[in-house]
């Protein structure tokens, strides 16, 4: 048992195979890999690039499953039990190589929002404080995370980001297994050592830690209990760290130079890119040649030094500490309403922290309003024919500007997709909670911008319709326009792709508007029924020219028909956006997306 009463979890992977389908054949990535690590122990997975380290981590974490493109074999057990991916997710955390956070939030805010989605209300604050202290984040708790690519948004250091990533995964005190994919990558020597020391403290407290590393120093390796070395998807060594050097000396018949790291020594042998270097290493080349020959010989005889033959014995020792809660693990950690509320508030905070985005939109609305108002100043003072034409163009241009005013929302899902996928994969919320919370958080800013433009234009142009109708047209235009823009963004992998689609849609929508063409060809009539420019312009024109008439037949049919079409388009585009967010560009199977 762990010191805090939490049950230790032994994790074992037996006979793991992994292959990828390429050009009609199965390309093996992992071949018959086995490993076992007990609760309270640290397992380090080493190997040159392409050896299958990351694949093994994702298979053990059950983030990767059988699909048409790749096949997985073998068994992963926790205390001798096979768990579902949902059950395993409830007791484990996965820290990937890339640190993905909202750059404008502080460290404490990031953890607090995570705690809101994971923990009961009464324990959130205390747990956040404990985790911050545990991971040494006290000094930067109130510092924004920042974005290294933005020189105006500097934040915490790389080592602090890595510790924050670990903190985010262990917020739930029930987490017993922590998996990490190269947590020291990109860090300096001191920061890397601090991260590993932190992991060792977590292991000493009862957590099972499994991590991949890339050529670590001996001072880092001494904190691990077990070692697994992979090469081209095969096991080269698996056992206690204390058995590793004897393996090199006795089994591979190597003489390790006095100042050479035994871990770098073997990895240099296993790395194909080092062949030309090894040939120029003098005396060491003999040891490397001998080691390579011995490895080939041991593989041919199936005598690679590994504890795989002892895994069944180790599994027997886990029977006394089976966690009876495993079978009941699963389900959402927060209700849908709490998930939605948390996402909404978090998005609102992020938007408030980025005043440039809000001010840019408001400033653009003001500038557009002043420009259109100046061009069409006191339009009814002109001749009747000119006035009628200019009023129609003023209505159309104003609607065009306001509908595409929130152009930044094209970035919403391409930009936030990584965070969404990571958090959804961790079971923090469902797609619908994220979608509605994220969408609704944008609306206040959009309505404010539309109102600013409408208020400026109305007196300058001298429109005859009442201001409430003019304001309603603008608010409708910006909300429907935002739904179209976000749909384009959700359907695309990147902003560049979405930008091309949006430009094309905007151009086509304008061209079929009645203000630009009086009668479209028969084969294009359908376009006027789905063009928000055409529909909004029709509403604006009828409210302006027929608004003073009392006969409903002269005004309401066209307005109602256009309003119904806009409502249908708005709902349809929101539905398409939701489907795109849930299913597209997720790197997951259709079935996984359906049930998550």
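Under the condition of being free of Cβ contacts under 8 Å to residues at least 12 places away in the same chain and exposed (fewer than 14 other Cβ atoms within 10 Å of the Cβ), the residues counted in the range 361-380 number 2.
So is residue 113 out of contact with any strand residue (DSSP E or B) (no Cβ under 7 Å at 6 or more places or on another chain), under 18 Å from residue 157 (Cβ atoms) and assigned by TED's automatic domain parsing to the domain that holds residue 179 or not? In short, no.
Would you confirm whether any residue within the range 435-454 is touching a residue at least 12 places away in the same chain (Cβ under 8 Å), assigned by TED's automatic domain parsing to the domain that holds residue 486 and not in a helix (DSSP H, G or I)? There is no residue in the range 435-454 that is touching a residue at least 12 places away in the same chain (Cβ under 8 Å), assigned by TED's automatic domain parsing to the domain that holds residue 486 and not in a helix (DSSP H, G or I). Among the residues of the range 426-449, is any crowded, with 17+ Cβ neighbours inside 10 Å and touching a strand residue (DSSP E or B) at 6+ places or on another chain (Cβ under 8 Å)? The answer is yes, given that some residue of the range 426-449 is crowded, with 17+ Cβ neighbours inside 10 Å and touching a strand residue (DSSP E or B) at 6+ places or on another chain (Cβ under 8 Å). When the range 196-215 is filtered for residues that are surrounded by fewer than 23 Cβ atoms within 10 Å (Cβ to Cβ), in contact with a helix residue (DSSP H, G or I) (Cβ under 7 Å, 6 or more places away or on another chain) and under 21 Å from residue 264 (Cβ atoms), only 215 remains.
Table: residues versus (1) closer than 15 Å to residue 350 by Cβ; (2) within 23 Å of the chain's Cα centre (by Cα).
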{"residue": "113", "(1), (2)": "yes, yes"}
{"residue": "139", "(1), (2)": "no, no"}
{"residue": "143", "(1), (2)": "no, yes"}
{"residue": "151", "(1), (2)": "no, yes"}
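Candidates are the residues of the range 395-408 that are surrounded by 24 or more Cβ atoms within 10 Å (Cβ to Cβ) and part of a helix (DSSP H, G or I); the one that is farthest from the chain's Cα centre (by Cα) is 395.
The values are calculated or read from the model by the stated rules, or taken from the named source; none is laboratory data. Only a predicted model underlies this, so the values are computations on that prediction, with no experimental measurement involved. Virtual Cβ from ideal backbone geometry, glycine too; neighbours counted across all protein chains shown.
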